[in-house]
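Engineer: Supplied in structure tokens, the structure appears directly below.
Bear in mind these aren't lab numbers, they're just calculated from the coordinates by the rules spelled out. Note that this is a predicted model, so its numbers are computed, not measured. Positions of Cβ are backbone-derived with ideal geometry, glycine not excepted, and every protein chain shown enters the neighbour counts.
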Protein chains: 2
Amino acid sequence: MSTENQKMKKIVIALDAMGGDHGVESVIPGAAMALKARPNLEFILFGSEIAIFRELEKFPQLKKCSVIHHTNHAISSTDKPSDALRKGKESSMRLAIDSVAQGRASSVVSSGNTGALMAMAKLVLKVLPGVQRPAIASKIPSVNGCSVMLDLGANISCDSENLAQFAILGSVFARAVMNVDRPTVGLLNVGSEQMKGNDVLRAADGLLRSVSIPGDYKGFVEGDDITTGKVDVIVTDGFTGNVALKTAEGVGKFFKNVIIEEFKHSVFSKIGYLFNMWVFKRIKNRMDPREYNGGLFLGLRGICVKSHGGADAYAFSRAVIVAADMVENGFNETVIREVEEFAEAEASLGITAEGLA
Amino acid sequence: MSTENQKMKKIVIALDAMGGDHGVESVIPGAAMALKARPNLEFILFGSEIAIFRELEKFPQLKKCSVIHHTNHAISSTDKPSDALRKGKESSMRLAIDSVAQGRASSVVSSGNTGALMAMAKLVLKVLPGVQRPAIASKIPSVNGCSVMLDLGANISCDSENLAQFAILGSVFARAVMNVDRPTVGLLNVGSEQMKGNDVLRAADGLLRSVSIPGDYKGFVEGDDITTGKVDVIVTDGFTGNVALKTAEGVGKFFKNVIIEEFKHSVFSKIGYLFNMWVFKRIKNRMDPREYNGGLFLGLRGICVKSHGGADAYAFSRAVIVAADMVENGFNETVIREVEEFAEAEASLGITAEGLA
């Protein structure tokens, strides 16, 4: 029964109620959905009291588990990160992050401005002990279900140590959130042979082959392996990861549009679509980007999840549940331990930043 | 009538008849298809005389326009580029490239080993005057029809001058093959703002803004712009381009598999598929990868097109037609002129490799 009790331990999540395209209209119903799935959640809702209260009235169960922290200030999607840092101290986003730093909440979820959220989270929460650079990760749909890819844009250039640490962050995430006991890890490259790529990649490959991580390192993977599910964790620098993720999103949209266009093409094709609507619904459900909502800022002293700006209630609830899973399964505690073990193993093998001694 | 005569000038193309998964069985029928579309083509077919002859018997029209150059040697898909260079001097691939260097053919098309083809083509054909580095390009389907992206893997890292030259190569290609009078050009980055990316990208952006190229430079584009057709030419280094292209291919396959799986799911969905088969055929035609077959080695003294290893006859014919278009529209002559003009403009503006003086 102790495990049951532990599982049911209350988890307090700070929500930026003003973030994203829909603000309270997706955040509040999204929180309500997440609460239905995870009755041990509690929320602190940051934003305009009137707006939050009006929406909260519709969800009596959520109301019971929520506290409102009023502020009239909000970061807009066009604010520069530097401006947000300077002028946004009373914003719903900043106050939500502050509440994590103060220990009032375990994690924060926001659909607001990505750059501002990253800048504030780094400044306020700071980096976990032993972690060199925080990274942005996301779940990616694949043939086998899903993978996690990182970094997606926090670090334009990375050294081999950074990449090795991302492999640890990604592996711990796959264990904590995707329930993969022993995640497989690949390093994104232009070929699978060991001589491929650049010096940084080859050094990271050497490092990951010499020192054990909380996953099984499988060597280099290529762009088309991202969706085959060849590995659970895809590690890359923030430049390549960002281009790959956006390319994948673009191709997905392109496919969808071609299918819609062709089925709208004539009366006959429209009838054909109606006839097969239920199959298309199944396809749509399998590819539903809402299931993969949540850019994860990994490596900070506090869980921070960036929900998509256009997220609806369901998508937002998915991001909240990822945050809850990370807290519940001790993501940050495991990262600290694993990063420390990795550093010790490196030291005992005499590995320096320049490679094997 | 002189234009008509010029258009009908004979074009001799060297074909590696032994390359790819299907060898003569896709090369010969593919050449026959290309000949039907372009009656001014002539071919030199490199490979096993017996195998070529047997297949050629089926295409009397092609037989009239073809010469066989016999060799029993072929490069295999597993040969390393270095081994191919040393031991492959009598191979069908090498002899086909040699024929371009000797001026017997205007261009070469091969479905063989990419690494070997690139290594041999660089060694034998050499780089065009003024061109720093050859690049691999490919047509990519987009909402507007198609774009061209380069480099796709020839140069793992690039400096800003290399990228600016790729912009020229891509623009001249779009004009010569895609019939775009004034192609738009974008530099692949993680955001569209001028401060995004790394030093090399920002320097290339500055260069392309100061010196005119045979296209309209539009600044930075992102991964999801590749398929929206925002620009006709997408410029990137070989690492990023390779990852982006393979990611896009992977997502395409993933989508296709999900659709097939769901329509095969039950008797009802199978009937639904039959009912809509013609719509799926239209969708398939629009996305047909065979239309985009042909990796183009741009910047060499001779046109060299790498057809996909698994290319069937139709796909191979598309690669042959791209080669013919490049020859017919004076791709290399234009590149030489444009690269020279760019260098002169740079010099007159006092731009050095370190940026604006």
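Engineer: Counting only pairs 8 or more residues apart or on different chains, how many lysine pairs in the stretch B:244-348 have their Cα atoms under 27 Å apart?
Structural biologist: 20
Engineer: Between beta-carbons, use under 13 Å as the cut-off and find the net charge around B:Ser212, counting Lys and Arg +1, Asp and Glu -1.
Structural biologist: Charge balance near B:Ser212 sits at -3.
Engineer: Pull up all non-local amide H partners of A:Ile351: gap of 5 or more, or a different chain, and H-to-H distance under 5 Å with H placed in the peptide plane.
Structural biologist: Counting only residues 5 or more places away or on other chains, the set is A:Ala357.
Engineer: Taking neighbour Cβ counts within 10 Å as the exposure measure, how do B:Met8, B:Met93, A:Met149 sort from fewest upward?
Structural biologist: Exposure proxy ranking, most exposed first: B:Met8, A:Met149, B:Met93.
Engineer: Under a Cβ-Cβ cut-off of 14 Å, what is the net charge of the residues other than A:Met277 that fall near it, where Lys and Arg count +1 and Asp and Glu count -1?
Structural biologist: Net charge in that neighbourhood comes out at +4.
Engineer: Based solely on its DSSP helices, what 222 nm [θ] is calculated for chain B when runs of n ≥ 4 H residues each add -39,500 (n - 2.57) and the sum is averaged over all residues, nearest 500 deg cm²/dmol?
Structural biologist: After summing the helix terms and dividing by residue count, I get -15000 deg cm²/dmol.
Engineer: OK, next. Quick one: net charge of B:Thr247's neighbours, Cβ under 12 Å, K/R +1, D/E -1?
Structural biologist: -3
Engineer: Sticking with this one: Does the stretch B:132-298 classify as rounded, prolate or oblate by the C-alpha gyration tensor (a ≥ b ≥ c root eigenvalues; a/c under 1.5 gives rounded; else a/b over b/c gives prolate, otherwise oblate)?
Structural biologist: prolate
Engineer: With θ taken as phi - 60° and the coefficients 6.51, -1.76 and 1.60, list the Karplus ³J(HN,Hα) couplings across the stretch A:178-195 in order, rounded to whole Hz; mark glycine and proline as x.
Structural biologist: Coupling constants for the stretch A:178-195: 9, 6, 9, 5, 10, x, 8, 10, x, 9, 5, 8, 8, x, 9, 6, 5, 8 Hz.
Engineer: Taking H as built 1.01 Å from N, whose amide H comes closer than 5 Å to the amide H of A:His69, not counting residues under 5 places away?
Structural biologist: Correct list: A:Leu45, A:Phe46, A:Gly47.
Engineer: Also: Would you list the membrane-span-like helices of chain A, meaning whole DSSP H runs whose alpha-carbon atoms span at least 18 Å along their axis and whose mean Kyte-Doolittle value is at least 0.0?
Structural biologist: Those that pass (Cα extent of 18 Å or more, hydropathy at least 0.0) are A:24-37, A:160-177, A:238-263, A:313-328.
Engineer: Taking DSSP loops as anything outside H, G, I, E and B, show the longest stretch in chain B free of GluC sites (Glu not before Pro) there with at most 12 other beta carbons within 10 Å.
Structural biologist: With GluC sites (Glu not before Pro) excluded where exposed in loops, chain B gives B:194-353 as its longest stretch.
Engineer: Further question on the same structure: Where does each of A:Leu201, B:Leu85 land when they are ranked from fewest to most other beta-carbon atoms within 10 angstrom?
Structural biologist: Listed from fewest to most nearby Cβ atoms, that is B:Leu85, A:Leu201.
Engineer: Counting only residues 5 or more places away or on other chains, whose amide H sits under 5 Å from the amide H of A:Gly197 once H atoms are built in the peptide plane?
Structural biologist: Long-range HN contacts for A:Gly197: A:Val190.
Engineer: Follow-up. Projected onto the charge dipole of chain A (+1 at Lys/Arg Cβ, -1 at Asp/Glu Cβ, origin at the Cα centre), which of A:Asn179, A:Ala105, A:Ala31 gives the Cα projection farthest towards the positive end?
Structural biologist: Comparing the listed Cα positions along the dipole, A:Ala31 ranks first.
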